[in-house]
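Asks: Below you'll find the structure I mean.
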Amino acid sequence: MAHELNLDGLVGPTHFYGGLAVGNLASGRHAAKPSNPRAAALQGLAKMKRLMVLGLEQAVLPPLARPDLATLRRLGFAGRDADVIAAAAAQAPALLQACYSASSMWAANAATVSPSADTPDGRVHLTPANLISQFHRSLETADTAAMLQRIFHHPDHFCHHPALPAAVPFGDEGAANHSRLCSHYADPGVALFVHGDPREAHGPRPHRYPARQHWQASLAVARQHGLRPERVVLAQQHPDVIDQGVFHNDVIAVANRERLFCHEHAFVEPRRVHDALNQALQGQLQLIEVEQAVVSVEAAVNTYLFNSQLLSLPGGQALLLVPDECRRDAGVWAYLQSLKEEGGIDQLDVMDLRQSMDNGGGPACLRLRMVLTDTELHAMHQGVRLTERLYRQLVAWVERHYRDRLLPADLADPGLLHEVRSALEELSRILALEGVYAFQRG
C-alpha cells in the first residue's frame, strides 16, 4: 500500500519579514513589519496536526540553523560569532538578513521527489533544489540535502541525487513546480514539470519578474530520476501571471491523484497540457479550471487559492485545505462554496496561516509531498513522523524558545544566535536527530 506523506517545514525561530523574495508580492508588502515567530510555528504545527487527525501521513522537516555564519565568513566577516554578526549588521545588513532567513520553512522548495512506482530501480528518488534565483534561498541547498539524507537514510529504499549545477539554465525550485498525477498512489504516475522560461529563444517570457524554474532543470531532474518520457509532461507557466506575482506554479495550480485544480491562465498552452495529462492518465484526468471572470489572477495571488493543499482522505474523498484569506475574500469564498456544492471537492477546510501568508507562503508552500509505501514509511527516520505526543512536545518547545516579536533590526542582537542554538539543540533531541546541525559538531 502507498500513502502520500506531507513533510512540513517547521517554522524556525528567526521567522522575520525581510521582503527578500523578488516577485513575491506578499513578502514585499510586509517587509520590515514585526513578525511573530511563535505564532508562525504554532500555526504551522496546527496545520500538521489537522492532517494527522484526518488520518493522513504527516512528518516534520526541522528548520535549518540560522544565521549562516559560514557564508558570512566566506563573504569576509571575521572574528568570533558575535563579531561576525555585529560587523555584518553594521556594514551589510541585507547580507545578514539573507543569512538569518527562515525560508527553509517552505518545504515545497526543498526538493523534487519521485516515488518508487515511477523509477526504474524501485527506489524513491530525491533531488534537492538549487534555488539559485534568490540568494537567501540558495544558502539552503547543502544543509537541506543533508537533512533529507538523514531522514530518508536507507539506501535500499531512497536514492539521493546532487543538486543541479548552480547556474542558468539549471535554476531549480523543487516541488513548487512539480506535481504528480495518478489513479492510485501505488500506481505509476505522471510527472508534471512546470517551467517559467521559454524553450525557444523567441518564446514568451516574463518581463517584470524572473522565471525561477528553468525547463532544462526540469528535464535534468526527470533524467536523474529515470522517469519514462511518455509519463512526463512539461508545461510553461504563463509569463503574464509570473509578472502578476505567481512566482511558482503552486501559486496558480495544484494537483492530487487524478485532479488538477488550476486557473485558466496558468499555462502558455493550457489545452495541450490538459490533453497530454489526460492521455497519460488514460482519460482519467479530472480538470477543475477556474476562469478569470470568476477568480482573477490578482485574487488568486492575494488569497493563495491555488496554494491550497488538495488531499485525498483515507475514505477517498477530496479535501481542499485553504488559508483563511480565501474565506475573507467574498468572491473566492463564493466560488469555493459552489465548487463543493457541484462536487468538485468533497470537503473544505480553512486554516489560519497568517504569519506564513504575510511572508509569502501558503499551505502548499509549507509542505513537500512524497508518495511512500508502507515499507518506505517504516524505513525513514521515525522521529519526525507526527504523533499526538510529538505534537504536544513541539508546541511546548516553541512556547519555551520562540520570541513573539521579531524585526529585521533585532538580527543584530548576538543573543538571538544563542537563543536559536539552544532551541535547535533541544529540537534535535526531541526528533532524535542529535548532531544534525553543524554547530553541534564543533
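The values are calculated or read from the model by the stated rules, or taken from the named source; none is laboratory data. Note that the structure is a prediction, hence the values are computed from the model and not measured. Reconstructed Cβ throughout: ideal geometry from the backbone, glycine too, with neighbour counts over all protein chains shown. Each accessible area value is taken on the protein alone, full model and side chains, heavy atoms only, with ligands, DNA and RNA left out. Shrake-Rupley method; radii C 1.70, N 1.55, O 1.52, S 1.80 Å.
Asks: Among the residues of the range 283-311, write down those that are within 22 Å of Glu4 (Cα to Cα) and without any contact (Cβ under 8 Å) to a residue 40 or more places away in the chain.
Replies: Gln286, Leu287, Leu305
Asks: Right, next: Please go through the range 215-231 and pick out each residue that is surrounded by 21 or more Cβ atoms within 10 Å (Cβ to Cβ) and out of contact with any His (no Cβ under 6 Å at 6 or more places or on another chain).
Replies: Selection gives Ala217, Val221, Ala222, Leu227.
Asks: Related question: Mind counting the residues in the range 167-178 that are open to solvent by less than 10 Å² (accessible area, probe 1.4 Å) and among the small types (Gly, Ala, Ser)?
Replies: 3
Asks: Let me ask you something else. Taking the condition of being aliphatic (A, V, I, L, M) and open to solvent by 10 Å² or more (accessible area, probe 1.4 Å), how many residues in the range 391-414 meet it?
Replies: Final tally of qualifying residues: 5.
Asks: Kindly indicate whether any position in the range 147-156 is farther than 21 Å from Val436 by Cβ, open to solvent by 20 Å² or more (accessible area, probe 1.4 Å) and not aliphatic (A, V, I, L, M).
Replies: Within the range 147-156 (the criterion being farther than 21 Å from Val436 by Cβ, open to solvent by 20 Å² or more (accessible area, probe 1.4 Å) and not aliphatic (A, V, I, L, M)), the answer is yes, since at least one residue qualifies.
Asks: So, of the residues in the range 64-95 that are in a loop (DSSP other than H, G, I, E, B) and without any contact (Cβ under 8 Å) to a residue 24 or more places away in the chain, which turns out to be most open to solvent (accessible area, probe 1.4 Å)?
Replies: Arg80
Asks: Still on this structure, I have one more. Just one of (1) surrounded by fewer than 18 Cβ atoms within 10 Å (Cβ to Cβ); (2) within 30 Å of Phe152 (Cβ to Cβ) trips up Thr14, so point out which.
Replies: Only one criterion is unmet by Thr14, namely (1).
Asks: How many residues are open to solvent by 10 Å² or more (accessible area, probe 1.4 Å) and over 21 Å from Thr303 (Cβ atoms) if we restrict to the range 234-260?
Replies: 4
Table: residues versus (1) in contact with a His (Cβ under 9 Å, 6 or more places away or on another chain); (2) over 25 Å from Thr373 (Cα atoms).
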site: Ala117; (1), (2): no, no
site: Val124; (1), (2): yes, no
site: Thr127; (1), (2): yes, no
site: Phe135; (1), (2): no, yes
site: Thr144; (1), (2): no, no
site: His153; (1), (2): yes, no
site: His161; (1), (2): yes, no
site: Tyr185; (1), (2): yes, no
site: Arg199; (1), (2): no, yes
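Asks: Return the residues of the range 96-128 that are under 25 Å from Val251 (Cα atoms) and part of a strand (DSSP E or B); say none if nothing qualifies.
Replies: Hits for the range 96-128 are Ala111, Thr112, Val113, Ser114, His125, Leu126, Thr127, Pro128.
Asks: Of all residues in the range 187-196, how many are more than 13 Å from Val273 (Cα to Cα) and surrounded by fewer than 23 Cβ atoms within 10 Å (Cβ to Cβ)?
Replies: 2
Asks: Then there is this: Being hydrophobic (A, V, I, L, M, F, W, C) and open to solvent by 40 Å² or more (accessible area, probe 1.4 Å): is that true of Ala102 here?
Replies: It is false that Ala102 is hydrophobic (A, V, I, L, M, F, W, C) and open to solvent by 40 Å² or more (accessible area, probe 1.4 Å).
Asks: Follow-up question, since we're still on this one. Within the range 417-442, how many residues turn out to be touching a Pro at 6+ places or on another chain (Cβ under 8 Å) and either farther than 20 Å from Phe16 by Cβ or open to solvent by less than 40 Å² (accessible area, probe 1.4 Å) (or both)?
Replies: Matching residues across the range 417-442 total 9.
Asks: Mind checking whether some residue in the range 308-325 is of a type in the set (D, E, K, R), open to solvent by less than 50 Å² (accessible area, probe 1.4 Å) and either in contact with a Pro (Cβ under 7 Å, 6 or more places away or on another chain) or not in a strand (DSSP E or B) (or both)?
Replies: Scanning the range 308-325, I find at least one residue that is of a type in the set (D, E, K, R), open to solvent by less than 50 Å² (accessible area, probe 1.4 Å) and either in contact with a Pro (Cβ under 7 Å, 6 or more places away or on another chain) or not in a strand (DSSP E or B) (or both), so the answer is yes.
Asks: Okay, moving on. Would a scan of the range 53-63 turn up a residue that is free of Cβ contacts under 8 Å to residues at least 12 places away in the same chain and surrounded by fewer than 21 Cβ atoms within 10 Å (Cβ to Cβ)?
Replies: The answer is yes, given that some residue of the range 53-63 is free of Cβ contacts under 8 Å to residues at least 12 places away in the same chain and surrounded by fewer than 21 Cβ atoms within 10 Å (Cβ to Cβ).
Asks: Consider His160 carefully, then state whether it is modelled with pLDDT of 95 or more, farther than 30 Å from Pro229 by Cβ and open to solvent by 20 Å² or more (accessible area, probe 1.4 Å).
Replies: For His160, the condition - modelled with pLDDT of 95 or more, farther than 30 Å from Pro229 by Cβ and open to solvent by 20 Å² or more (accessible area, probe 1.4 Å) - is not met.
Asks: If you take the residues of the range 17-35 that are under 14 Å from Leu353 (Cβ atoms) and either modelled with pLDDT of 95 or more or within 17 Å of the chain's Cα centre (by Cα) (or both), which of them is surrounded by the fewest Cβ atoms within 10 Å (Cβ to Cβ)?
Replies: Ranking the candidates gives Ala26 first.
Asks: Restricting attention to the range 24-48, which residues are in a loop (DSSP other than H, G, I, E, B) and within 23 Å of Arg369 (Cβ to Cβ)?
Replies: Asn24
Asks: Another question about this same structure. Go through (1) assigned to a helix (DSSP H, G or I); (2) open to solvent by less than 20 Å² (accessible area, probe 1.4 Å) one by one and return the number of the condition Lys340 breaks.
Replies: (2)
Asks: When both residues are 6+ apart or on different chains and their Cβ atoms are under 7 Å apart, which pairs have a first residue that lies in the range 233-250 and is more than 13 Å from His207 (Cβ to Cβ), and a second that is among the acidic types (Asp, Glu) and buried (at least 24 other Cβ atoms within 10 Å of the Cβ)?
Replies: Within 7 Å, the pairs are His248/Glu173.
Asks: Which residues, counting only those in the range 111-135, are farther than 19 Å from Val190 by Cβ, open to solvent by 10 Å² or more (accessible area, probe 1.4 Å) and of a type in the set (A, V, I, L, M, F, W, C)?
Replies: Those that are farther than 19 Å from Val190 by Cβ, open to solvent by 10 Å² or more (accessible area, probe 1.4 Å) and of a type in the set (A, V, I, L, M, F, W, C): Ile132, Phe135.
Asks: Out of all the residues in the range 70-78, is one or more basic (Lys, Arg) and closer than 18 Å to Leu368 by Cα?
Replies: No - not one qualifying residue is present in the range 70-78.
Asks: When the residues of the range 189-225 are narrowed to those that are more than 23 Å from the chain's Cα centre (by Cα) and not charged (D, E, K, R), which ends up modelled with the lowest pLDDT?
Replies: Checking each candidate, the answer is Ala201.
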